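Below you'll find the structure, written out as structure tokens, and then a few comments.
No lab work stands behind these numbers, since they all come straight from the coordinates. None of the values given here were measured: they were computed from a predicted structure. No Cβ is skipped: glycine too gets one built from the backbone with ideal geometry, and neighbour counts run over all protein chains shown.
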Amino acid sequence: MTGTPRDPWAQLGRWTPARIALGRVGASLPTCEVLSFALAHARARDAVQARLDREALAGRLEVLGLASVEANSMASDRVTYLRRPDLGRRLDDASRDRLDAYRDEDCDLVVLIGDGLSATAVAGNADSLMSALLPYLSKAELKLGPVVIAQNARVALGDDVGALIGARLIAVLIGERPGLSAADSMSVYLTYAPRPGRTDAERNCISNIRANGLTPEAAASNLAWLISAAIEMKLTGVNLKDRSVAGRSKSDHLVG
Amino acid sequence: MAYSKCVGTARYSFPTLKSLLAKASPPRAGDRLAGIAAVTAEENIAAKLALADVPLSEILAQPLIPYEDDEVTRLILDTHDVRAFAPISSMTVGEFREFLLSHDTNAMVLARLAPAVTPEMAAAVCKLMRNQDLILAAHKCQVTTAFRNTIGLPGTMAVRLQPNHPTDEVAGIVASIADGLMYGCGDAVIGINPATDQPARIEELLRLLDDFIQRYAIPTQGCVLCHVSTTLDLMAAGMPVDLVFQSIGGTEATNRSFGITLAMLREASDAAHSLKRGTVGRNAMYFETGQGSALSADAHHGIDQQTCEARAYAVARPFDPLLVNSVVGFIGPEYLYNGKEILRAALEDHFCGKLMGLPMGVDVCYTNHAEADQDDMDVVLAALAAAGVTYIMGVPGADDVMLGYQSTSFHDALFVREAFGLRRAPEFEKWLASMGITDPSGRLLTPAAGHRLIEDATSAAGPTQ
């Protein structure tokens, strides 16, 4: 594809990730730009539809010495999940029965790994983050409950899970809504005394976790700081000012 | 009042006007999520049949949220123009549809009628109209506004240049502004969504826009889309504010969730007017809306999302805005699931806004978890152009790298101008020609290397540094 008229200001692109100086043919985009956009969108779409390979993830967690248990939200398929955010926030009956066996009032922290809007993000980042988090947890002598791996999960599914197990804290590792520039971004939401009805104002969030964003290792360090602070102050949310990381990302609520 | 309709052997009843409107709405995710949508396709049409027989005067007499409970209801009823309403006061909703589509109902008739149309009347008739009806009726409405140029003249369509940057870097914003101007966009406004609401940063962006517009004497206006309370403080501090922006909703509780009241909007509107920064007109407010915001804030009172949206236009109307647009597909698939629902909502919002006398634009957009793609947006854009949309967004390559959604691009604006023969705001088009960006017909010239805009943006990363 030679000879496509390009705009003579490509140098401005160094100051912004925006798609500038794309060139044009008549009123329209050059072929390469039409296809490049389509590829980015296709990756984002695939990330939204992707199913989390829970067995593979459980295997990688086992290598870290972590036992895991599977759970499902009441959103039984992807279409329902996208249409009914309320169902993605509640456990189905079978999962409720299964998790009941893990009830433990002495548990300090339960980790829920949920697909959210990008299973790709969770598959790529969740076990790296857990691996980096474990040394902090053992140093702080915190009792970690089972790692729950949930399908069709929204952030607030953690409230249901946390309350059922009786954990002091729940950390939800979840795939963010994919953007065109990054389809593999994960967030962590930390909630103290989880129970259904908690609002987003009662959580702390670390977002943009991916290899080319906030690395899982850096995120683990931030999360460890938040966990200690939450246990000390007996709360999470707007009153627990996160002094270890920058604030929330714009798209956070869309996963909620 | 209760309504009912027999269809064949089935009898459908609707206990309130609110439920009748909800059941008569074309299907969409948000109304299903709220549990107020028609359960079957037949119930949906039965509701439309019943709605067609409801007199407009009866809609006026039955506020969906009580007068005492909601300041938006009070605004709607207190500002209703009874004299303008007289010619349609005896019509039913079904007759109103036919009136709107008749050849005798022209731009002048519709302009006189606008203050008589409450959002509930607009929403009701909208539910009986097919997409083609929404296009034809809206196309007849003419709404012209002005600040430093004239927006909404027949045969024109404007574009908001949206040069967002993930961290508000000035050089990056300037790069996108230069790109957009070289593509002939920016007559509606150069409007930045800031990544933060920090006043110091907003101030920097306001100065950037003001310097840029002055340096090149661009006949357009700037806006930093932050919360109205921030803009109020910045105006008091003497900052160069052209347009005051605010997101608005159709119920008092929705607006409370946005942190605003009508009194705050009035205060901001008065302050903006007192600055007298417009040169050819004094419309100084810019509002954004979108179906689903009331449900999302749990502030919908059981009213369907399209009717809530139309009520937001009643909030905008008394402030004589320069620009109003629905951000139609931004909110996500739990409110508008796919391209079909987004198309329908875009045409509804544009029609209701225009019928109520507003300079209605649409942010034709979608998110990556909606069942939609660029092909859907092409159709929405073309349908809106046919309907005479006042303005659309211009985002570099359609990819907003700060807000993380896809809108329309500078190229999309060129497409729609070519396909529908639409010109820009005349003052802006003249400026583009004087800058050597377009030829006299408004078509882009082959960009010259070393154009002043590009040289300036390149050297020292923009004119403000």
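Here the range B:82-207 yields Rg over Rh of 1.14, to two decimals, using C-alpha coordinates and the Kirkwood radius. 3J(HN,Hα) along the range A:218-234: 5, 5, 4, 5, 5, 5, 4, 4, 5, 4, 4, 5, 5, 5, 5, 8, 6 Hz, from the Karplus curve 6.51 cos²θ - 1.76 cosθ + 1.60 with θ = phi - 60°, whole Hz, x for Gly and Pro. Among complete DSSP H helices in chain B, those whose alpha-carbon atoms stretch at least 15 Å along the helix's long axis and whose mean Kyte-Doolittle hydropathy reaches 0.0 are B:41-52, B:170-182, B:262-275, B:374-386, B:410-420. Backbone phi angles across the range B:30-39, fed through the Karplus curve with coefficients 6.51, -1.76 and 1.60 (θ = phi - 60°), yield HN-Hα couplings of x, 6, 5, 4, 6, x, 10, 6, 4, 7 Hz in residue order; Gly and Pro are listed as x.
How many Cβ atoms of partner chains, on average, are near each residue of A:35-46 if near means within 10 Å of its Cβ? It would help to have the intermediate numbers written out before the result.
Working: counts 0, 1, 6, 2, 0, 4, 8, 1, 1, 5, 6, 0.
What the average comes to for A:35-46 is 3.
Measuring nothing but how far apart in sequence close Cα pairs (under 8 Å, 6+ apart) lie, relative to its length, the range B:1-129 scores a relative contact order of 24 percent.
Using 1/(1 + (r/R0)^6) with R0 = 60 angstrom and r between the beta carbons of B:Ala382 and A:Met233, what's the FRET efficiency to the nearest 0.05?
Efficiency for this residue pair is about 0.60.
The largest-to-smallest principal axis extents of the Cα set in chain A are 69, 38, 35 Å.
The alpha carbon centroids of the range A:73-88 and the range B:254-307 are separated by 32 Å.
Dipole orientation for the range A:49-255: of the candidates A:Gly162, A:Ala211, A:Leu133, A:Ala211 has the Cα lying most toward the positive pole (charges on Cβ; Lys, Arg +1; Asp, Glu -1).
Taking a ≥ b ≥ c as the square roots of the eigenvalues of the alpha carbon gyration tensor, the protein assembly as shown is oblate, as a/c is not under 1.5 and a/b does not beat b/c.
The alpha carbons of the range B:1-148 stretch over 54, 38, 33 Å along the principal axes, in descending order. Across the options A:Val147, A:Ala201, A:Leu180, the greatest Cα extent toward the positive end of the charge dipole of chain A (unit charges at beta carbon of Lys, Arg, Asp, Glu) belongs to A:Leu180. If both residues of a DSSP beta bridge must be in the range B:145-434, then about 15% of such bridges are antiparallel.
Which shape class, rounded, prolate or oblate, goes with the range B:35-96 when its Cα gyration tensor gives a ≥ b ≥ c as root eigenvalues, a/c under 1.5 marks rounded, and past that a/b bigger than b/c marks prolate? Cα axes put the range B:35-96 in the oblate bin. Note on B:Arg130 and B:Ala263: their simple-model spin labels are 4.9 nm apart, each label 7 Å out from Cα toward Cβ.
Adding -39500 (n - 2.57) for every DSSP H run of four residues or longer, then dividing by how many residues the protein assembly as shown holds, sets the calculated 222 nm ellipticity at -12500 deg cm²/dmol. Diffusion of the range B:145-434 by Stokes-Einstein, at 10 °C in a medium of 1.306 mPa s and with Rh set to the Kirkwood radius over alpha-carbon pairs, works out to 85 µm²/s. The simple Förster model, with R0 at 41 Å and r as the Cβ-Cβ distance, assigns A:Thr31 and B:Ala2 a FRET efficiency of 0.10.
Take every Cα pair under 8 Å whose residues are at least 6 apart in sequence, average their separation, divide by the length of chain B, and the relative contact order is 19 percent.
Residues whose amide H lies under 5 Å from that of A:Asp115, counting only those 5 or more places away or on a different chain, are A:Ala150, A:Asn152, A:Ala153; hydrogens are built 1.01 Å from N in the peptide plane. In summary, the convex hull built on the alpha carbon positions of the range B:169-299 has an orientation-averaged projected area of 8.4 nm².
Restricting the trypsin sites (Lys or Arg not before Pro) of the range A:42-99 to loop positions (DSSP other than H, G, I, E, B) with no more than 11 neighbouring Cβ atoms within 10 Å leaves A:Arg51. In sequence order, the range A:192-201 has phi-based couplings of 7, 6, x, 7, x, x, 4, 9, 5, 5 Hz under the Karplus curve 6.51 cos²θ - 1.76 cosθ + 1.60, θ = phi - 60°, and Gly or Pro positions carry x. Straightening the chain between B:Leu275 and B:Val82 buys 66.1 nm, computed as 0.36 nm per residue apart minus the Cα-Cα spacing. For the range B:102-204, trypsin sites (Lys or Arg not before Pro) meeting the loop criterion (DSSP other than H, G, I, E, B) and having at most 12 other Cβ atoms within 10 Å: B:Arg130.
Summing charges over neighbours of B:Val327, with a neighbour being any other residue whose Cβ is under 10 Å away from its Cβ, gives -3 when K and R count +1 and D and E count -1. Look at the alpha carbon pairs under 8 Å that are at least 6 residues apart: their mean separation over the length of the range A:49-255 gives a relative contact order of 22 percent. Which percentage, to the nearest 5, of the DSSP beta bridges contained in the protein assembly as shown is antiparallel? For the protein assembly as shown, the DSSP antiparallel bridge percentage is about 40.
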